[in-house]
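In what follows, a single structure is set out as structure tokens and then discussed.
The values are calculated or read from the model by the stated rules, or taken from the named source; none is laboratory data. What you are looking at is a predicted structure, and each value in this text was computed from that prediction instead of being measured. Glycine gets a Cβ as well: all are built from the backbone with ideal geometry, and neighbour counts include every protein chain shown. To get the accessible areas, we keep the full protein, side chains included, count just its heavy atoms, and leave off ligands, DNA and RNA. Shrake-Rupley method; radii C 1.70, N 1.55, O 1.52, S 1.80 Å.
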Amino acid sequence: MNLLALLLLVAMVGRAQGDNEAAGRWSVTPHVGANLWMAKYVVKDLPVETGDKALGLTAGAELGCELAPKVNMSLGADYVLQRFSMPSSSSANDRKDSYTVSTGRLCFPLLVGVRIWPWLSLRTGIQMGLNLHTNKAEVDLPLNSPSGKRTVKYHFDAVHWYLPVSLSYEYRRWVADLRYYYSLKKNHWSYDENYVSYWGGKEFWTDDHDHMLQLTLGYRLNL
């Protein structure tokens, strides 16, 4: 009974909050959170491998506008650090020694949302990501390669596009946003070291899609 009463109280507060939303209202919502980068890579003549997931960071803000009592639109600017780990050994099954692949992107999500419940919104749109930096890492090369360990740097496409689908819950201006990003463009992976000619070409990873799951917490400030 106590749980039922609590749920009814939250629903009443959310409904009162939703009823007070006025068309034309502008707001800014700073937020911070974590993401999981689900990147897949395929090496020529080797089986498909998927890197072990590692938590990444998301931080930014979005400018929102109430287009109608139950319809809103927002434009965001986020710094997104995406990470996953993979084995440093040339053996795909040896994951005792691994390193982290990471890339930092400046992302601009444009979303349109519908309030499906007074405090719950479903949003979707388009996101452009600009690649800012990638990491360097030491990897083990095959025994018959020119040398042992080499420090390599990964290259990703300068511009990447995602289709985001977001479920946002707001309570007293605190906003929890769970968002899934579907990649609209395949990644273009390559190394910048000459030794990869051993594999038969400088770019020996094939292109593939990557997706991302993200959870952020923010606070809405009315303008």
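Tabulated values for the structure
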quantity	calculated
Filter result for K70 (at pLDDT below 95, under 24 Å from E170 (Cα atoms), basic (K, R) and in contact with a strand residue (DSSP E or B) (Cβ under 6 Å, 6 or more places away or on another chain))	yes
For Y169: the one exception among (1) at pLDDT 95 or above; (2) under 18 Å from the mean Cα position of the chain (by Cα)	(2)
Qualifying positions in segment 170-182 - under 23 Å from H211 (Cα atoms), open to solvent by 80 Å² or more (accessible area, probe 1.4 Å) and not aliphatic (A, V, I, L, M)	Y180, Y182
Scope segment 73-103; condition at pLDDT 95 or above and either surrounded by fewer than 18 Cβ atoms within 10 Å (Cβ to Cβ) or polar (S, T, N, Q) (or both); matching residues	M73, S74, L75, A77, Y79
Close pairs (8 angstrom Cβ cut-off, 6 or more residues apart or separate chains): more than 10 Å from M212 (Cα to Cα) and at pLDDT 65 or above in segment 29-58, open to solvent by 60 Å² or more (accessible area, probe 1.4 Å) and part of a loop (DSSP other than H, G, I, E, B) anywhere	D52/R95
